[in-house]
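One structure below.
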Amino acid sequence: MRLSTKLVLVTLGLVIVPLVLLSASLILLRVYRPRALRTDYGQEDTNIMNINVIRRFDALMSQLEQEMEKRPAESLLDPAVLAGMNESLLADKAYLLGCQEECYFNGADSGSNEDVLSYIRSQEGFEDRSKLYFAGLSNPYLIGCRRFAAGSEEASLYLVLDVSGSLPSVTRIIFLITISVLALAGGSIIMIGWMRLKFARPMKQLQTAARSIAEGNLDFELVPESDDEFGELMGTFEEMRQRLKMNAEERLRYEQDSKVLISNISHDLKTPITAIKGYVEGIRDGVASSPEKQRKYLTTIYNKADDMDRLVDQLAFYSLVDTNRVPYHFTKIPVRAYFDDCRDELAPELEAQEFDLIYENTVAEDVLMIGDPEQLHRVVSNIVSNSVKYRSRTAERGRIRLSVRQEAGMILAEMEDNGIGIDPKDLAHIFDRFYRSDTSRSAATGGNGIGLSIVKKIVEDHSGRIWAESRPGEGTKLTVELRVYEESDHE
Ligand code: ADP
């Protein structure tokens, strides 16, 4: 059964159950109350709906009997005495009538009691008990009678209780119940509409969204329309859709990246292989005739093989980075000594490439950082090899400035060159994997666009940051920020 149908049924149930209960009480009222009125109060008129009124009337009758006992019987027909007795009863909308034979003495204002009097007159032998009387108008009365002997004659004292305000008629009750039922039904219709709006609509939206996702369509937006549980659910659903979309896009990008990587690798391997083949042929065919020429050929072959070795090494490492399997060996590293060693290692290589290395290190001797020395070395060497790769063709000698300093709990290692620089449009992407600027693509050395993505990954795995600044034609500066090791952080 659909949820909206269930909701309608529940709401209808909410109307029907009270309706049934109301009808049952009404039936009980119609059956039980007249019986109770007949057996307990001797009332034949079953229109009386309020037993409490009869109880009150009985109480007044007993009060009247007590008053009668206190006074001599003759005085009970005295209008002044009746008026006195009336005073206490009037508060209860009751009054007394005294009568002897055909004469009636009205203790209260008799003008308004004409119909009561004519009723009493018409009731021959009015019994010593209460009776209900409906006047010709709409006013109902309860009338009780007590007989007594006044002198030689028999007299009667009537207690008349106006119950018009206390006896709602059955039709009035039914009218009120009908109004209540209509209000209940109206309320329920409004509630069904509200529930449809609040539950069925968002459910439908969620269902459509889920179906779209199942069909692989993630290009839609689910906007929560309320801040209730449904709104929250829709918000979570939208989050899930966005994440799925991101994953799908990532997977697509990954597939494209892999294709690009394969094409780059084949190109990057093909170039040195072609060169190696050419030089080997040169030696074999005797083109390199002099020993000096042969040495030059062999050095070139060695350098090309070395390029290939580096490329293969980088690719192997990239696959580790890509699958998050880089084997880190973190240790405490003395910052100053570490970068001093880097300088010592880089200096001869850079000198051979006709580069000047300017080295500044202002970090105190005892400052430590946590890191993997081998991977941090990869960071420095990748950055420096880019500086060499993208050296300026106009400058006579290349220049690299490696400067290390400490700033508020952080180690900042800046590596700045005077190379060709990076175009502003490329700068934001150089850390993306497989990103190569146009200059890189056309450069003789070529590039595969994974060097800086590896660098970024290693730095981030050290909880550090890396960023680049560059001016095309002037040079590039890469800054690596790493945390200083504080003994207190690790206690
Ligand atoms: P690539 O193999 O292309 O060098 P990288 O990830 O190492 O890949 O670098 C990405 C891009 O950043 C390069 O294509 C290059 O355009 C640019 N780049 C990086 N370092 C430098 C630098 N020192 N000078 C100029 N351009 C640079």
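The values are calculated or read from the model by the stated rules, or taken from the named source; none is laboratory data. Computed from a predicted model, the values in this text were never measured in an experiment. Methodologically, a virtual Cβ is constructed for each residue, glycine included, from the backbone with ideal geometry; neighbour enumeration extends over all protein chains shown. Note: areas computed on protein heavy atoms with side chains; ligands, DNA, RNA excluded. Shrake-Rupley method; radii C 1.70, N 1.55, O 1.52, S 1.80 Å.
Could you compute the FRET efficiency for Glu114 and Asp227, with r as their C-beta to C-beta distance and R0 at 56 Å, rounded to 0.05? It would help to have the intermediate numbers written out before the result.
Details: r = 70 Å, r/R0 = 1.25.
Rounded to the nearest 0.05, the efficiency is 0.20.
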Simple label model, 7 Å out from Cα along Cβ direction - Arg393 to Gln66, nm: 12.7
Cβ-Cβ FRET estimate between Val280 and Asp313, R0 fixed at 22 Å, reported to 0.05: 0.45
Pairs beyond 29 Å (Cα-Cα), from Lys245/Lys457; Lys259/Lys456; Lys277/Lys477; Lys304/Lys456; Lys332/Lys477; Lys389/Lys425: Lys277/Lys477
Percentage of interatomic Cα-Cα distances in segment 248-380 larger than 27 Å: 49
Point-to-point label distance, Glu153-Glu255, nm (Cα→Cβ direction, 7 Å offset): 12.0
Estimated distance in nm for a label pair at Glu345 and Ile174, the labels positioned 7 Å out from Cα along Cα-to-Cβ: 10.4
Surface accessible to a 1.4 Å probe, per residue, for the residues of segment 209-338, Å²: 70
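Which value, to two decimals, describes the C-alpha radius of gyration of segment 331-483 once divided by 2.2 N^0.38 Å?
Numbers: Rg = 15.0 Å, N = 153, 2.2 N^0.38 = 14.9 Å.
Scaled against compact globular proteins, the figure is 1.01.
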nm² value of the averaged projected area, convex hull over the Cα atoms of segment 266-322: 3.9
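Set the Förster radius R0 to 45 Å, insert the Cβ-Cβ distance between Arg325 and Ala185 as r into 1/(1 + (r/R0)^6), and round the FRET efficiency to 0.05.
On the way: r = 69 Å, r/R0 = 1.53.
The computed FRET efficiency comes out at 0.05.
For segment 331-483, what relative contact order do you get, as a whole percent, if you take Cα pairs closer than 8 Å and at least 6 residues apart?
24
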Environment charge of Ala364, counting only residues whose C-beta is closer than 12 Å and scoring Lys/Arg +1, Asp/Glu -1: 0
